Each structure stands twice: as structure tokens, then as C-alpha cells.
1. Students sometimes get this wrong: rank B:MET51, A:MET1 by accessible area, probe 1.4 Å, all chains present, largest first.
2. Provide the convex hull volume over Cα atoms per residue for the protein assembly as shown, in Å³.
3. Give the aspartates and glutamates whose C-alpha is closer than 15 Å to that of A:LYS60, dropping any in the same chain fewer than 8 places away, or say none.
4. State to the nearest 20 debye the size of the charge dipole of the protein assembly as shown about its Cα centre, where the only charges are +1 on K and R beta carbons and -1 on D and E beta carbons.
5. Per-residue mean of other chain beta-carbon atoms within 10 angstrom of the beta-carbon, peptide A:143-153?
6. Please give the calculated 222 nm ellipticity per residue for chain A, where each DSSP H segment of at least 4 residues contributes -39500 (n - 2.57) and the sum is spread over every residue; nearest 500 deg cm²/dmol?
7. What nm value, rounded to one decimal, do you get for the distance between B:LYS68 and A:LYS68 when each label is placed 7 Å out toward the C-beta?
8. Using Cα springs under 10 Å in a Gaussian network model of chain B, which residue among B:VAL71, B:VAL27, B:VAL46 shows the largest mean-square fluctuation?
Number of protein chains: 2
Amino acid sequence: MPTGHVFIATSLDGYIARPSGAIDWLVEGWPEVGHDYGFAEFMETVDGMVMGRGTFDKVKTFDTWLYKKPVVVMSRTLRNEDIPSELGGKVRLSDAEPAQLMAELDREGWKRVYVDGGKIIQSFLRDGLIRDFVLTRIPVLLGEGIPLFGAHAKDIRLSHLKTTSYESGFVQSLYAVKEE
Amino acid sequence: MPTGHVFIATSLDGYIARPSGAIDWLVEGWPEVGHDYGFAEFMETVDGMVMGRGTFDKVKTFDTWLYKKPVVVMSRTLRNEDIPSELGGKVRLSDAEPAQLMAELDREGWKRVYVDGGKIIQSFLRDGLIRDFVLTRIPVLLGEGIPLFGAHAKDIRLSHLKTTSYESGFVQSLYAVKEE
């Protein structure tokens, strides 16, 4: 089975986006710093990416498609004709459950899967499919928004592996999920 | 006017306690490490402490009273006879609004006020009365609980000043609230 890996930024109060999905508060600090906080290096380590419909709807509005690796969009409602033609061969749909999808990706030879988007990350975490995550904290309190973390039946214990602080005020930590 | 300062720990998903108020997940990592993550040093810098009723109800159940400095409990329902007699002279009640209380403490010569408890911290933050906070992240996801942060009308921007990682996996960051 491949392992799931998260690379995500949140406000200090834990939101990945405003209620509308806006990430202006995140991207505004980005260009002036002139680097990517390790994102390209992280992308080198994964075989591809799994995201939810919310994240897909967001990233497909960007001027350029961000990902060189294959992307699986998990959705029960999207159909193949909803995928813009320029993304043919780059993006495919899946209506499988997380563990079922990971088993499929395993058969295709994937070892490490980038898992993205609040709801998808939450469901993969609940199902024990996340190995570790890189969490970058942006120094702002939004007060409301789409949360990264959600409910689960029992505590999820983590090992803190590394924290790096950036001039921009971003603080990035790597955590591994402890095996039960 | 005195300045408000926060020193608090949360789970990685932002909770200061379980829904019941329990902080077992926090204190269990504490003794084996054998230090206080800078708490005593922080307490030396403040003139006293303001807390809400929820925090007071919690800390008064501890075997020993934790604070050498004066404590103000903000409550509109507690009465003086609700304060245990052994805390006479250490704890007093206030039903004032945050800014009004800060003005009172100013007249008493307080310069730096330790502000504690989820709801109280949120109301002081909303009213612009917090200067900085020390936030210690415990490496566990609780999934539910009493959140540190709450809603506010506009973004609160912060400056990241320092982050320290501990062997225990606790990650402690100091943030200052940016003046608007």
C-alpha cells in the first residue's frame, strides 16, 4: 500500500481557506520571499496526488496547472466531461473510498501519494492512510474559514520531526503519525 | 493601559481542552520532560493574571494553587462567597468589560497582564488588548474540544518572533499582534 503525505499551509487558527475558498492571505506573502518553502522538493518525492473536488475547483482556476505528476480527483458527482480538455492525461476521477483508491494506486506502482484538501486529508487521516505531514503556519488569524482538521473517533498521536522558521513569519513543521 | 500577554498550549488542531475540559493529553507529556517550557520565567514578567470562569473552575480543582501573582476572575455570575476561603487575598472577581478592567488594573499600576482561557483570550484579542502570545503546540490531534481561537470581524495579523522545538515534540512560538 502506498503511504499518504500532506503538504499544506494554514492560518494560525487552523484554516486552509476563507469560507469562500479564498487564499489571498496565503499567497500574498509568497512572492516577496521568492522561494517555495520546499514544495518542489516535496513534489519530487511523490508519485502523484489525490485531491477533493473543492481543491480541484480551486486549482483549476489558476493561470497555469501546478502539477507535473498525475492527479486523481476524488468525487462522486464529477464526470469525465467536467475535466477541462487541456487536463486530459493529467487528471482522472475516482469515486472509490480512500483505502480502495490507495490499493488501486498500489497496483499502478505508486509508493508515495500527496494527499490534498481539507475533507480528503481528514478522511485519509481517519482511515490511517497518512504517514506524515508538512504543516506551514501563516501568521494571521482569520476568525473563520475551511478548517484543515476535523473530527475523528480517537486521538491521533504525532511525532514532531522538524520545525523551520522563515523570514516571512511562516513556521513549517514536519509531523509523522504514530502507529497505534 | 497595561498590555495583555498569553501563554497557552493547544493540540495541533487548536484545542485547549477536550469538550469536558480535560487536559490529560497536555499534562501527560509534562513531568517526564522535567521543565516548564518557560512558564515560570513568563510569570515573572507579569503583574497578575486575568482568567474566565471556565479556567478558574478548572485550576481551583488542582491540588495546589498555581499562581503567586494576583488573579482576577472575570464572571458576571460568580459571587465573592463562591471563592474558596483559602484563596482570599489571591483571587478577586470582576464583572467589567475587558477594556474597563484593563483601565482599572492600570490605575493599580499593572503593566503586563497574563490573559488566560479560551473565551477571555478571544474577547481580549477582539478588543485589541493582546500584545503577544506564546503558543505551545502539543503533537496530538484531539478531533474535538474547546478551541483557543474564535471568530472576529477582521483578520488579525501577527509577527512571528521566535520558535523553539522541544525533545517532547512540543513546539513553542512567540507571536506579536500587529498594530492596525
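1. On the way: B:MET51 0, A:MET1 120 Å².
Largest to smallest exposure gives the sequence A:MET1, B:MET51.
2. Values: hull volume 54.0 nm³, N = 360.
Per-residue hull volume (Cα only) is 150 Å³.
3. A:GLU81, A:ASP82, A:GLU86, A:ASP116
4. Values: 42 positive and 52 negative charges, 54 e Å.
Roughly 260 debye, rounded to the nearest 20.
5. Working: counts 11, 3, 0, 0, 3, 4, 8, 4, 5, 5, 1.
The mean count of partner-chain Cβ atoms within 10 Å per residue comes to 4.
6. Numbers: 5 runs with 36 residues, N = 180.
Rounded to the nearest 500, the figure is -5000 deg cm²/dmol.
7. 5.9 nm
8. Answer for the Gaussian network model of chain B: B:VAL27.
The values are calculated or read from the model by the stated rules, or taken from the named source; none is laboratory data. Just so it is clear, the model here is predicted, and its values are computed rather than measured. With ideal geometry, Cβ positions are generated from the backbone for all residues, glycine too; neighbour counts draw on all protein chains shown. The area values use the complete protein model at the heavy-atom level, side chains included, leaving out ligands, DNA and RNA. Shrake-Rupley method; radii C 1.70, N 1.55, O 1.52, S 1.80 Å.
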